[in-house]
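Let me begin by presenting the structure, written as C-alpha cells, before commenting on it.
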Amino acid sequence: MALHSSSAILGVSMIDLRDPSKEIQTSTFDIGRKLSNDIFSCIEEILPRKHWNQIQRLSVATGPGSFTGTRISITLCRTIAQQMQCHLDGISSFALMARRLHQEELKDNSIKPFWITSILKRRGIIGGLYQIKKESDLPYCDQIIEIQSPKLLQNKENKYNELKANYDIKLDTIELLKICHSANKIKKESPWQKVLPIYPCSPVDENRK
C-alpha cells in the first residue's frame, strides 16, 4: 500500500499480491485540512480496515510538501509498519515525479543528472538532484537515483538541466506503489525507523508559502 499526502490531495494506492493480474487500485481525495479526520476513511475505500493485518509492505511520500500532511501519513505508516513488523519505503515527492518529468521534458533520453526545483515564496528554492539509470537488469526501485535529496538551495551546479516540480498525485502515488512492489520482489530492507519527513525549511507560516 502507498500513501502520498505531500499536497492538499491525498493519494492512496494498493496492489493485491495474491492477484495474478496484479492490477493497481488507486484513488485521490481532495481533502485539504481534513486529512487528520478523513485519512482512515479514505484508506478504507481502497483497503477495508479488517484487512490491514494482511499488509506486507508500505510506502509513503516523505516530502517536501505540506508539513502537516506529510507528518500525518508518515506517522500512520510508521505505526502500521511497527505493529505489522513489515518494511516501509520512504520516497521523496520529488523522486516520485523524477521519471515522469524526465520523460516529459528531457526527450533526448539523457542519463545525465538533472535538478527538480520548486520556488517557495519568501523562502527560496528547494531542489533535489536526480539521475535515471537505464540498465535493463536493474529493479524498478533502483532505477531512480536521488543524488541529493530535496533541500533549501544556496547554490547549485548549473551544468545540469533544471525541471520544475509538478505534482500529479495520482501518477506519483502509482509510482510510489510500483517502487514499493519492486522492493518487495527483491526483498529490499527498508526499516520503518529510518523513514522521516523532509522539511527543507521551517514549517512556521506554512499556509503562506
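Quick notes on this structure:
- Among the residues of region 130-176, those that are over 15 Å from A61 (Cα atoms), in contact with a Phe, Trp or Tyr (Cβ under 8 Å, 6 or more places away or on another chain) and either open to solvent by 50 Å² or more (accessible area, probe 1.4 Å) or among the hydroxyl-bearing types (S, T, Y) (or both) comprise Y130, I145, I147, K156, Y160, N161, E162.
- Test result for S13, among the polar types (S, T, N, Q) and touching an Asp or Glu at 6+ places or on another chain (Cβ under 6 Å): no
- For region 159-179, the set of residues classified as out of contact with any strand residue (DSSP E or B) (no Cβ under 7 Å at 6 or more places or on another chain) and either assigned to a strand (DSSP E or B) or more than 24 Å from L3 (Cβ to Cβ) (or both) consists of K159 only.
- You will find that of F94, F67, the residue that is open to solvent by less than 30 Å² (accessible area, probe 1.4 Å) and among the hydrophobic types (A, V, I, L, M, F, W, C) is F94 and no other.
- Of all residues in region 97-129 being open to solvent by less than 20 Å² (accessible area, probe 1.4 Å) and touching a residue at least 60 places away in the same chain (Cβ under 8 Å), the one that is farthest from I186 (Cα to Cα): I126
- Scanning region 75-96 for residues that are in contact (Cβ under 8 Å) with a residue 60 or more places away in the chain and either charged (D, E, K, R) or part of a helix (DSSP H, G or I) (or both) turns up L76, C77, R78, A81, Q82, D89, S93, F94, L96.
- Among residues of region 19-40 that are among the acidic types (D, E), those with a Cβ under 7 angstrom from a residue that is part of a loop (DSSP other than H, G, I, E, B), sequence gap 6+ or separate chain, pair up as D30/A8; D38/I31.
Table: residues versus (1) charged (D, E, K, R); (2) touching a Cys at 6+ places or on another chain (Cβ under 8 Å); (3) at pLDDT 95 or above; (4) more than 27 Å from L120 (Cα to Cα).
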position: S21; (1), (2), (3), (4): no, no, no, yes
position: I24; (1), (2), (3), (4): no, no, no, yes
position: T28; (1), (2), (3), (4): no, no, yes, no
position: S59; (1), (2), (3), (4): no, yes, yes, no
position: H87; (1), (2), (3), (4): no, no, yes, yes
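- I186, sole failed condition from (1) surrounded by 13 or more Cβ atoms within 10 Å (Cβ to Cβ); (2) of a type in the set (A, V, I, L, M); (3) more than 16 Å from the chain's Cα centre (by Cα): (1)
- Hey, G128 under 14 Å from the mean Cα position of the chain (by Cα), within 21 Å of V195 (Cβ to Cβ) and in a loop (DSSP other than H, G, I, E, B) or not: no
- Residues (touching a Gly at 6+ places or on another chain (Cβ under 9 Å) and surrounded by 19 or more Cβ atoms within 10 Å (Cβ to Cβ)) located in region 12-27: T26
- Matching entry among I9, I72, I80, I55 (being closer than 20 Å to L171 by Cα, within 19 Å of the chain's Cα centre (by Cα) and either of a type in the set (A, V, I, L, M) or open to solvent by 20 Å² or more (accessible area, probe 1.4 Å) (or both)): I9
- All positions within region 1-59 that are aliphatic (A, V, I, L, M), within 18 Å of D89 (Cβ to Cβ) and not in a strand (DSSP E or B): M1, L17, I43, I46, L47, I55
The values are calculated or read from the model by the stated rules, or taken from the named source; none is laboratory data. As the structure is a prediction and not an experimental result, all values here were calculated from the model. Positions of Cβ are generated from backbone atoms using ideal geometry, with glycine treated the same way; all protein chains shown enter the neighbour counts. Quick note on the areas: whole protein, heavy atoms, side chains included, nothing else; ligands and nucleic acids left out. Shrake-Rupley method; radii C 1.70, N 1.55, O 1.52, S 1.80 Å.
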